[in-house]
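S.K.: The structure follows.
The values are calculated or read from the model by the stated rules, or taken from the named source; none is laboratory data. What you see is a predicted model, and the numbers here were worked out from it, not measured in a lab. Note that we place each Cβ from the backbone using ideal geometry, even for glycine, and neighbour counts take in every protein chain shown.
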Amino acid sequence: MEYFAPATLSEALSLLKKWTGKARIVAGCTNTIPDMRSKAVKAEALIDVSHLRNLSFIKEEKKRIRIGALTTISGLTFSRTINKYVPILSEAARQFGNPLVRNRATIGGNLADASPAADTAVPLLVLEATVVTDREREKNRQIPIDRLFVGPNKTILKSDEMIKEVTFSKPDLGEKCAYAKLGLRNAMAISLVSVAVLLQIEGGECKKARIGLGAVAPKPIRAYRTEDMLIGEKITESLMRDCCQSVEREISPISDVRASAEYRRSMVSLLLRRLIQQIVSEGNR
Amino acid sequence: MKRRNTYPIELMINGEWKRTEVIAQETLLHILREKLGRTEVKEGCGKGDCGTCTVLLNGKAVNACLTLAIQAHRQSLVTLKGIGTLEKPHPLQESFVKHGAIQCGFCTSGMIVAAKALLDSNPHPTRQEIREAISGNLCRCTGYKKIVDAIEMAAEKLR
């Protein structure tokens, strides 16, 4: 196996082109090393992008926040900007793996790995983030995050394409978010279910609703049909009951070593109800 | 047969520069134990679940088993022995002994390195912060209480 540590992005892109289909991009390696051990990766070359320091940043612009692909999960947990504008992303980062893994794992890696349980994907879905990528002959491709994932560990990225940054608009003042992750224990737990909710409620009426779900489908998903049931409505007990039934129909969980599909189904509706209630009660305070 | 590609690397371990040769997919844990004799870095699960291989890479606690050896090229590394030795123990090590925070001892190396990273950045941790800082390190003997006690007391002593 060959190893390359490109010093610039353009060098990385030309290596990716040259080794297309045969190379694996690595940074924190927290997924790649276990994958290599279990022989799930059969790359002929590793292209280590961890030296591209200028892809590690969190920038606040007037209306948007931009996060470089090489930003570590620890970097997200410690960022004042992230804490201030998008606490759901800080929350997801704090519940990610454990502190040792968070010091190595990157946001770009978590998205490119495309686990159905990818922890950063769920809040980024409700923030309607854009993933910005580069290839040698196509720069700055903008991919809405709900189009990035295709299935378990599969994205629409070409094999010579690399995630450069993730951007999203700062939530408006009226947009309230909440996030919950359920694992079998606190540290180093792969999500059984994770849910993020964004609601904008004005005069008792729900103007905007977004629901992101992790670990209950072949990829992280939005619950669009359930969102539509909320928009334009007053949030009542009976509407919440309908939403919980709807979200259970929108997902396709599997049974695995961690939990049964039935359990995941009931936990999704429980967490969704709790998060909606949490946002509604915060709004009433 | 195709020759295996090897790469020369140099890394600073506990303040001393060391050189060795690695292959691309070799882990930092592997070269520390097998090539550089640093057996104070333990191998437990080998896939990031147990934390017993914790080292400081440029001051940050990481799993040596989830880091490529080649990624430590020209970087600074601290292992348990860089924190303290039998002759010159660190207050954390003394505190672990004093509070009975060591039983079988297999997790201790990683625990102390993780605790050192915590105290370097936060000299006044709460018990909850201590528990979070060692949440990547498994101990199957102590139930963690004595480990948390030991870190808490060492923090007090170091202030």
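S.K.: Restricting attention to segment B:122-159, which residues are within 16 Å of the chain's Cα centre (by Cα) and of a type in the set (S, T, N, Q)?
M.R.: Passing the criteria: B:Ser135, B:Asn137.
S.K.: Okay, next question. Condition test on A:Ala129, is it under 11 Å from the mean Cα position of the chain (by Cα) and either touching a residue at least 40 places away in the same chain (Cβ under 8 Å) or not assigned by TED's automatic domain parsing to the domain that holds A:Ile190 (or both)?
M.R.: yes
S.K.: B:Ser135 fails exactly one of the following numbered conditions: (1) in a loop (DSSP other than H, G, I, E, B); (2) crowded, with 19+ Cβ neighbours inside 10 Å; (3) in contact (Cβ under 8 Å) with a residue 24 or more places away in the chain. What is the number of that condition?
M.R.: Here B:Ser135 clears every test but (3).
S.K.: Looking at A:Asn140, A:Asn103, which one is farther than 25 Å from A:Ala178 by Cβ and within 14 Å of chain B (Cβ to nearest Cβ)?
M.R.: Details: A:Asn140 fails: within 14 Å of chain B (Cβ to nearest Cβ).
Checking each option against the conditions leaves just A:Asn103.
S.K.: Here's something else I'd like to know. Just the residues that are under 10 Å from B:Pro123 (Cα atoms) and modelled with pLDDT under 95, please, taken from segment B:133-157.
M.R.: None - no residue of segment B:133-157 is under 10 Å from B:Pro123 (Cα atoms) and modelled with pLDDT under 95, so the list stays empty.
S.K.: Let me ask something additional. For segment B:99-140, give me each residue that is β-branched (Val, Ile, Thr) and within 10 Å of chain A (Cβ to nearest Cβ).
M.R.: Hits for segment B:99-140 are B:Val113, B:Ile134.
S.K.: Okay, moving on. Looking at A:Ile211, is it over 16 Å from the mean Cα position of the chain (by Cα), crowded, with 20+ Cβ neighbours inside 10 Å and not assigned by TED's automatic domain parsing to the domain that holds A:Ala92? Before the answer, list the steps.
M.R.: Details: over 16 Å from the mean Cα position of the chain (by Cα): no; crowded, with 20+ Cβ neighbours inside 10 Å: yes; not assigned by TED's automatic domain parsing to the domain that holds A:Ala92: yes.
For A:Ile211, the condition - over 16 Å from the mean Cα position of the chain (by Cα), crowded, with 20+ Cβ neighbours inside 10 Å and not assigned by TED's automatic domain parsing to the domain that holds A:Ala92 - is not met.
S.K.: Would you pick out the residues in segment A:1-30 that are touching a Ser or Thr at 6+ places or on another chain (Cβ under 8 Å), within 11 Å of chain B (Cβ to nearest Cβ) and closer than 19 Å to A:Pro152 by Cα?
M.R.: Across segment A:1-30, the qualifying residues are A:Arg24, A:Val26, A:Cys29.
S.K.: Does B:Thr39 satisfy the criteria of being more than 10 Å from chain A (Cβ to nearest Cβ) and among the polar types (S, T, N, Q)?
M.R.: Judged against the criteria, B:Thr39 is a match.
S.K.: Shifting gears a bit: Does B:Arg33 satisfy the criteria of being assigned to a loop (DSSP other than H, G, I, E, B), more than 10 Å from chain A (Cβ to nearest Cβ), charged (D, E, K, R) and farther than 22 Å from A:Ala23 by Cβ?
M.R.: no
S.K.: Moving on to the next point. Test of understanding: among A:Ser260, A:Ser246, which residue is more than 21 Å from A:Lys176 (Cα to Cα), out of contact with any Cys (no Cβ under 7 Å at 6 or more places or on another chain), exposed (fewer than 15 other Cβ atoms within 10 Å of the Cβ) and of a type outside the set (A, V, I, L, M)?
M.R.: Every option except A:Ser260 fails the conditions.
S.K.: If you don't mind, another one. Would you confirm whether or not segment B:77-99 contains a residue that is closer than 26 Å to A:Ala45 by Cα, at pLDDT 95 or above and crowded, with 18+ Cβ neighbours inside 10 Å?
M.R.: The answer is yes; a qualifying residue exists.
S.K.: Under 9 Å between Cβ atoms, at least 6 apart or on separate chains: pull out the pairs that start in segment A:9-21 with a residue that is over 14 Å from A:Ala43 (Cβ atoms) and end on any residue that is assigned to a helix (DSSP H, G or I).
M.R.: Qualifying pairs under 9 Å: A:Leu9/A:Asn54; A:Leu9/A:Leu55.
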